[in-house]
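Quick notes on the structure that follows.
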Amino acid sequence: MQNISEIDDLIKLISKLPGLGPKSAKRIVLKLINNKEELIKPMAKVLSEVYKNISRCKICGSLKSSSNGCNGCENNKNNYNKICVVENIADQWSIESSSIYQGYFHILGGTISNSNNQKKEDLLVNSLVERIKKDNIEEVILATSATVEGQTTAFYVQDSLKNVNVKISKLAQGLPVGGEIENLDDGTLVSAFKNRKSF
Ligand SMILES: [Zn+2]
């Protein structure tokens, strides 16, 4: 490619997306440039709307639109008695697609980790305690990954709930060690849910 700074900048940005390297980023950029009206124009509009309107809910951690409020908590009219605690939204999507679980979700927004400077204060734990009390939750299911960070985080959440009258369970240890929830197949997730243990 000729050195055109706009194109180089776009390739650099796109290659930061998950699963894409510089080579596929270049192919995407060519496709975009060859379809300015059909792709770039609507994409620029949608990106700017997402930038303006979409944010993370400070109560349940889900993504919400400023025009509709949060479907994870405030608009959720189901009367569930369970809440499943996950690290990130991709984990929620995996669990939802396995259809094993009917209940609320609570997205912590990461794990406690020494390596990426994520602090426990950054995780949505206080609002979890409030939701459990307000929604009369009977069971909290900890669905953090089978990694050191995931397990440390599960213990931290458990400790934060020690004065809350609620049953705490944890996905079964059938999870492969190092297994991240979002990468598990449906069968493994279903059996991990069915065989969950008190924690
Ligand atoms: Zn919410």
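Using alpha carbons only, how many degrees (0 to 90, rounded to 10) separate the axis of helix 5-14 from the longest principal axis of the chain?
20 degrees
Only sites in a loop by DSSP and with at most 16 other Cβ atoms within 10 Å count here; which trypsin sites (Lys or Arg not before Pro) in segment 1-54 make the cut?
The qualifying sites are 16.
Under the rule that a partner needs its Cβ under 4.7 Å from the first Cβ, which Cys of the chain have none?
84
What size of dipole, in debye to the nearest 20, comes out for the chain about its Cα centre when the only charges are +1 on Lys and Arg C-beta atoms and -1 on Asp and Glu C-beta atoms?
Details: 26 positive and 22 negative charges, 35 e Å.
Result for the chain is approximately 160 debye, rounded to the nearest 20.
Can you compute the helix-only [θ] at 222 nm over the chain? Use -39500 (n - 2.57) per DSSP H run of at least 4 residues, normalise by all residues, nearest 500 deg cm²/dmol.
-11500 deg cm²/dmol
Gain in length, residue 113 to residue 71, computed as 0.36 nm per residue apart minus the alpha-carbon separation, to one decimal in nm?
12.2 nm
Simple spin-label model, 7 Å along Cα-to-Cβ: residue 40 to residue 166 in nm?
So the two model labels end up 4.9 nm from each other.
Which of these, 79, 35, 165, has the largest mean-square fluctuation under a Gaussian network model of the chain (Cα springs below 10 Å)?
In this elastic network of the chain, the residue with the biggest mean-square fluctuation among 79, 35, 165 is 35.
I want the local charge near residue 89. Using Cβ-Cβ distances under 12 Å, sum +1 for each Lys or Arg and -1 for each Asp or Glu among the other residues.
Net local charge, residue 89 excluded: -2.
I need the shape label for the chain. Rule: rounded when a/c is under 1.5, else prolate if a/b > b/c, else oblate, with a, b, c from the alpha carbon gyration tensor.
It is prolate, given that a/c is not under 1.5 and a/b is the larger ratio.
Would you mind counting up the charge near residue 170? Only other residues with Cβ under 9 Å from its Cβ, with Lys and Arg at +1 and Asp and Glu at -1.
Residues close to residue 170 contribute a combined charge of +2.
Where the centre of each part is set by its Cα atoms, how far does segment 105-165 sit from segment 16-32, in angstrom?
35 Å
In square angstrom, what is the accessible area per residue of the chain with a 1.4 angstrom probe? Don't skip to the answer; put the middle values down first.
Numbers: 12300 Å² over 199 residues.
Accessible area per residue: 62 Å².
When only Cα pairs under 8 Å and 6 or more residues apart are kept, what is the percent relative contact order across the chain?
Relative CO of the chain lands at 17 percent.
The values are calculated or read from the model by the stated rules, or taken from the named source; none is laboratory data. Fair warning: this is a prediction, and the values are worked out from it, not measured in the lab. A quick note on method: Cβ atoms are made from the backbone with ideal geometry, for glycine too, and the neighbour counts reach across all protein chains shown. Heads up: the accessible areas ignore ligands, DNA and RNA and are worked out on the full protein's heavy atoms, side chains in. Shrake-Rupley method; radii C 1.70, N 1.55, O 1.52, S 1.80 Å.
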